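A short worksheet on the structure shown next.
Just so you know, all these numbers are worked out from the coordinates, no wet-lab data involved. No experiment lies behind these values; they were computed from the predicted model shown. Don't worry about glycine lacking a Cβ; one is built from the backbone with ideal geometry, like all the others, and counts go over all protein chains shown.
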Amino acid sequence: MTFCKFSLADSQVLAPPNFSKMDETSFIEHTDIEFYSSIADVLDFWDNFVPEDKLFLRSAYLQALEIAPPQGMQSCYVSFSVEGQTIGIAAFQIQHYRGDEPFNDEKLAESANFFQKISVSSQKFITKKIQLNVLVCGSLLLTGEHGFYFHPKINPQITTQLLHKGIEKAAEELEKQDIQISLFMLKDFFEPTQKKISASLVEQKFYEFQAQPTMVLDIPQTWKSFDDYLAAMSSKYRVRARRAFKKGKDIVRKELNLNEIEENKQQIFGSYQNVAAKAVFNTFTFTPDYFTELKRQLGDKFKLIACYIGDKFVGFYTTIQNGHELDAHFLGLDYTVNRDSQLYLNMLYDMVRIGIDLGVHQITFSRTALEIKSSIGAVPHDLYLYTRHRSFISNRLVKYFIEYMVPEEEWTPRSPFKE
């Protein structure tokens, strides 16, 4: 097996002359793995190694999460090096999980579906005794491959073996801080990556599963303006879009700067909570400072657009530019005006407009509201996750627990574009 192949064109992470002469076992044995509790501890090398188009693995974004993390979440990191040269990094989130916490009792009580009430109530009853710390390689706040980065010439099988050692290293170091890790999770891998790493992770007793797909809108290079996007639609969906614009004609958008986000953070947070309260199942809760820190750390790459009708604040949406991709991040809205103004649908169209204006290649709309996102042109992309309990006996039950707990959403895919 060829574990890696380097050339002089491979940026600054060049291999010593004898690098490629090591066999796979020797390579892994010669890899040094270091643990860090803060991104501040790795600034001397981290951003020099991680490409600029991997924003969610660079220090600015990671520092924003450290300063204003969701409730109960903290971060840590590991680096991988051979003979003093960095060959990989991984970012982790530690999330304390109590089995009944993610369930929204108020939303469950409002459910009109008797069988859904029974199902979710039973899930909560069964899991309410469970308390554990989960070590996540990836981001609970995002969808996509944002957990680690290795030199691209390193064989994927080597990557997964080193990553597994890195996870174990992080768990051991956290135990010294009295943080007992029970469960490992790696998220979210698209199919091309999944095919490369799946066998190795399964061999290491990780359980592979899928949650909801992420919704992605590809932006053809021929779309130079929002009008080009509308022109690509069938007449039915173009009429639907113009109807939404007409209903939302009184919506005034304003991009907020850092000071304005800070001044309005409680109002913004309250609007976000309106959306979060609609979900039966939530895995984390933001704090009011989250969006302020994103703006402080990411600058122009992060946009928060506030929406008003008259003098009334009715919602906001956020985007993060990550190289040639745009992440349609979190939003909030006033549901009392949503129907009449088509506020949420207008927000989705706004984000498409922003993406086209920025010249990105795709927009990621994440896992929620799948049907309405498909109606603006986003299509589902399957994502694969891997988890393993540190107890051999408990790990045998993880498969059944995940199958029982992972929420499903029934929806009908739409396609707004001409055939």
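Helix-only arithmetic for the chain: the sum of -39500 (n - 2.57) across DSSP H runs with n ≥ 4, divided by the residue total, places the mean residue ellipticity at 222 nm at -11500 deg cm²/dmol.
Proximity of backbone amide H atoms, modeled 1.01 Å from N, is registered between HIS329 and THR318, THR319, ILE320 at under 5 Å, excluding neighbours fewer than 5 places apart on the same chain.
When the Cα positions of THR336, THR292, ASN264 are compared along the charge dipole of segment 215-381, THR336 comes out farthest toward the positive end, with charges on each C-beta of Lys, Arg, Asp and Glu. For HIS146, the residues whose amide H sits under 5 Å from its own are SER139, ASP188, ignoring neighbours fewer than 5 places away on the same chain, with H placed 1.01 Å from N.
For segment 215-381, a crude dipole built from +1 on the beta carbon of Lys and Arg and -1 on the beta carbon of Asp and Glu, taken about the Cα centre, is about 700 debye to the nearest 20.
In terms of distances greater than 32 angstrom between alpha carbons, the cross-link table entries LYS165/LYS278; LYS153/LYS295; LYS195/LYS373 yield LYS165/LYS278; LYS153/LYS295. Each of PHE80, ILE356, LEU141 was scored by the projection of its Cα onto the charge dipole of the chain, and the greatest displacement toward the positive side belongs to ILE356; charges sit on the C-beta of Lys, Arg, Asp and Glu. Cross-linked pairs LYS196/LYS399; LYS254/LYS303; LYS187/LYS399: Cα-Cα separations exceed 18 Å for LYS196/LYS399. Spatial offset of segment 56-87 relative to segment 266-305 amounts to 20 Å, using the alpha carbon center of each. Ranking SER225, GLY315, PRO416 by how far each Cα lies toward the positive end of the dipole of the chain (charges on Cβ) leaves PRO416 at the top.
Here the chain is assigned +1 on the Cβ of each Lys and Arg and -1 on the Cβ of each Asp and Glu. Its dipole about the Cα centre then comes out at about 1500 debye.
In sequence order, segment 308-315 has phi-based couplings of 10, 10, x, 9, 8, 6, 10, x Hz under the Karplus curve 6.51 cos²θ - 1.76 cosθ + 1.60, θ = phi - 60°, and Gly or Pro positions carry x. So for the chain: antiparallel DSSP bridges make up what percent, rounded to the nearest 5? So the antiparallel bridges amount to about 90 percent of the total.
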